[in-house]
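Input: a single structure, listed below in structure tokens.
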Amino acid sequence: MDKKTKTLIFKVLKNTISLLLCVTATVSMLGATLISVARDYLQSEQFYEQIETTDLSSVKFVVNNSKVTVLDFVRAKASDYLENQMPSSFFPIGNYAVDKLVTPLLVKNIIKNEVYGLLDYFLNTSVTDAEYRIENGVTIQNNEELNIDNARTVEEAISIYARKFVLQSIENVSGMSTDKLIILISEQTVSKLITLAVILLVILVAINITTIFNLLLYGGFVGVLYGAVIKIAQNKFDQWNAGLEDLVGYVFLKPLADAYSPNATTGFIVGIILIALFVGVYFLFKNFVNKDKTEEQK
């Protein structure tokens, strides 16, 4: 194998590894961004104001492929609870009591409290506690805190029904247990992803230290890819929720999806600037520096 072939193989290998490092570093940065922006948004005044101003009893979600309001769902569950708690001969009275007692205001306040409780649960539960529940096989189904039989009042029953339904829905959508999700969206995971991205970028710089101008191109590629993935994800979110704008998931997640726009813009700006610098440096060397050297040799 001659020297020219070896040089070509080395160059292809180096470029391939560099591209893989770029993609992996971008994925790590996207993961860290996804989690950190979501954590910040869910603890922001904007989100808390949305909870306070939204009529949580009237928002809709899908149950058995049909749209239902939270109020109708809660009243149905309260009716089920009362049916199990009183003799069947009294149940018509129970239905009347449900309509009178389970008011929109009551449902709104209960759901609001549950939302705050779930936010605290997902954002502030320690990774150690989540790992303990996983190791000991504690699930939604066998968690005593979610046992409806432990409810002492209709209000407590509604709270447990709502909490259990939301947790189960989250597990169904995410495809993982709530405790695994807690670990995934923890600050600890963000730190690991950021550290990994930094290590990968340092390796990228080390590999290309002799071709420093290529780093401008790779850096630009990372920036543009970072911004493009975020924008594609935002567009997909809108496509998947077309016709579902009245559902609670869209109502509360749309502002979160929009919250990633500044990150996408920053990625595009940085990426385009670095690529422009690469092009400028390339033409500078090609048309002036290298040209001057060629003329001097003549």
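Remarks
- Inter-label distance for residue 76 and residue 286, nm, one decimal - labels placed 7 Å from Cα along Cα-to-Cβ: 6.5
- Taking only the alpha carbons of the chain, we obtain Rg and Dmax values of 27.6, 109 Å in that order.
- Label-point separation, residue 259 to residue 127 (7 Å along Cα→Cβ), nm: 2.1
- Within the chain, helix-based [θ] at 222 nm, where runs of 4 or more DSSP H residues each add -39,500 (n - 2.57), nearest 500: -25500 deg cm²/dmol
- Above-threshold pairs, the threshold being 32 Å between Cα atoms, out of 192/236; 164/254; 6/286; 77/231: 77/231
- Relative to the dominant Cα principal axis of the chain, helix 212-240 is inclined by about 30°.
- Within the listed set 133, 163, 39, the Gaussian network model of the chain (springs between alpha-carbon atoms below 10 Å) gives the highest mean-square fluctuation for 133.
- Per atom type, the chain shows carbon and sulfur on 63% of its accessible surface, probed at 1.4 Å.
- Extension gain from residue 55 to residue 15, taking 0.36 nm per residue of separation minus the Cα-Cα distance: 8.9 nm
- Accessible surface for residue 13 stands near 100 Å², nearest 10, in the context of the full protein assembly shown (1.4 Å probe).
- When the alpha carbon gyration tensor of segment 214-289 is reduced to an equivalent ellipsoid, its three semi-axes come out at 38, 9, 7 angstrom, largest first.
- Solvent exposure of segment 95-205 as accessible area per residue, Å², 1.4 Å probe: 58
- Stretched out straight at 0.36 nm per residue, the stretch from residue 148 to residue 235 would grow longer than its current Cα-Cα span by 27.3 nm.
- Across segment 95-182, C-alpha contacts under 8 Å between residues 6 or more apart give a mean separation that, scaled by the residue count, equals a relative contact order of 36 percent.
- With Cα atoms defining each centre, segment 101-169 and segment 251-288 are spaced 42 Å apart in the structure.
- Cβ-Cβ FRET estimate between residue 116 and residue 242, R0 fixed at 30 Å, reported to 0.05: 0.50
- Each residue, residue 138 and residue 4, gets one label point 7 Å from its Cα in the Cβ direction; the gap between the two is 7.0 nm.
- Under the criterion of Cα pairs below 8 Å and six or more residues apart, the relative contact order for the chain equals 26 percent.
The values are calculated or read from the model by the stated rules, or taken from the named source; none is laboratory data. Nothing here was measured: the structure is a model prediction, and the numbers come from that model. All Cβ positions, even for glycine, are placed from backbone atoms using ideal geometry, and neighbour counts span all protein chains on display. Keep in mind that these areas ignore ligands, DNA and RNA; they rest on the heavy atoms of the full protein, side chains included. Shrake-Rupley method; radii C 1.70, N 1.55, O 1.52, S 1.80 Å.
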